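Just so it is clear, none of the values below were taken in a lab; they were calculated from the coordinates. These numbers come from a predicted model, not from an experiment. No Cβ is skipped: glycine too gets one built from the backbone with ideal geometry, and neighbour counts run over all protein chains shown.
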Amino acid sequence: GAGVSQTPSNKVTEKGKYVELRCDPISGHTALYWYRQSLGQGPEFLIYFQGTGAADDSGLPNDRFFAVRPEGSVSTLKIQRTERGDSAVYLCASSLPPDTQYFGPGTRLTVL
Amino acid sequence: KNEVEQSPQNLTAQEGEFITINCSYSVGISALHWLQQHPGGGIVSLFMLSSGKKKHGRLIATINIQEKHSSLHITASHPRDSAVYICAVPMYSGGGADGLTFGKGTHLIIQP
């Protein structure tokens, strides 16, 4: 079956621009997670959805970051006024709790 | 909030050697994850375990809940095992569906 997919795979943008990153979870998975991985580091938690609602958004670094999951399936991570420090690989994962999380291939964001 | 320590950070070994990677965490959990990440690649879930031991091919994962410690072993290591291995646990105590906290990863290189 299809795994978690993320688009785009790479995104290059200029400082100050707005970007949207998309995640398509595995069909039927109720939980969806966003993580961020900087070069040479382990992933860091950003936000977790259970269904349509954000169950925990404590990892979002500031109010420039926002995520939605309006129909309980696809999710979009939105970053306003991007900064060079936002450059990282953004990972999405989904699960049917309490089973394991399945990770997507990630979106590599580069802010110039 | 859980904290994860992983060791060693880097490990180079010869083909055929027995490999051990260690992980310790600070807060009681429902399950621990071992993940694999190849250079430039996505994250693959190897194991999710809550007690005892699991085996998949040449990979073995063990966990001691009382000591808050887990190990990942690779028997008869092969160059294709070269990757980053990451330990991850739920961010909060219990936390079946919570976001994960990750170790910094162990960069494993198996030389022919």
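Sorted into 5 angstrom bins from 0, the C-alpha pair distances of the range A:29-100 split as 4, 16, 28, 26, 16, 8, 3, 0 percent. Straight-line cross-link reach from residue B:1 at under 18 Å between alpha-carbon atoms covers these aspartates and glutamates, not counting any fewer than eight positions away in the same chain: A:44, A:56, A:57, B:67, B:98.
Within 10 Å of each residue's Cβ, count the other Cβ atoms and sort A:112, B:32 from fewest upward.
On the way: A:112 10, B:32 24.
Ascending number of Cβ neighbours within 10 Å: A:112, B:32.
Peptide packing for A:21-34, B:6-19 was compared via the average number of neighbouring C-beta atoms within 10 Å per residue; ordered from the highest value, the list is A:21-34, B:6-19. Taking a straight line from the alpha carbon of residue A:78, these lysines sit under 18 Å away, with near neighbours fewer than eight places off in the same chain left out: A:11, A:15, A:17.
Mind checking the mean number of beta-carbon atoms from other chains within 10 Å of the Cβ atoms in A:97-106? Kindly include the intermediate steps, with their values, before the conclusion.
Working: counts 5, 8, 5, 8, 9, 4, 6, 2, 4, 5.
Partner-chain Cβ atoms within 10 Å, mean over residues of A:97-106: 6.
For chain B, the Cα-based Rg and Dmax, in that order, read 13.4, 42 Å.
From other protein chains only, count the Cβ atoms within 10 Å of every residue's Cβ in B:41-54, then give the mean.
Averaged over the peptide's residues, the number is 3.
Among B:109, B:43, a tally of other beta-carbon atoms within 10 Å of each Cβ gives an order, fewest to most, of B:109, B:43. Counting only residues at least eight positions apart within a chain, or on another chain, the lysines with an alpha carbon under 24 Å from that of residue B:55 are B:68, B:104.
Take peptides A:71-81, A:38-48 and line them up by average Cβ neighbours within 10 Å, highest first, as a rough protection proxy. Can you show the working numbers first?
Numbers: A:71-81: 16.2, A:38-48: 18.2.
By packing density, highest mean first, the sequence is A:38-48, A:71-81.
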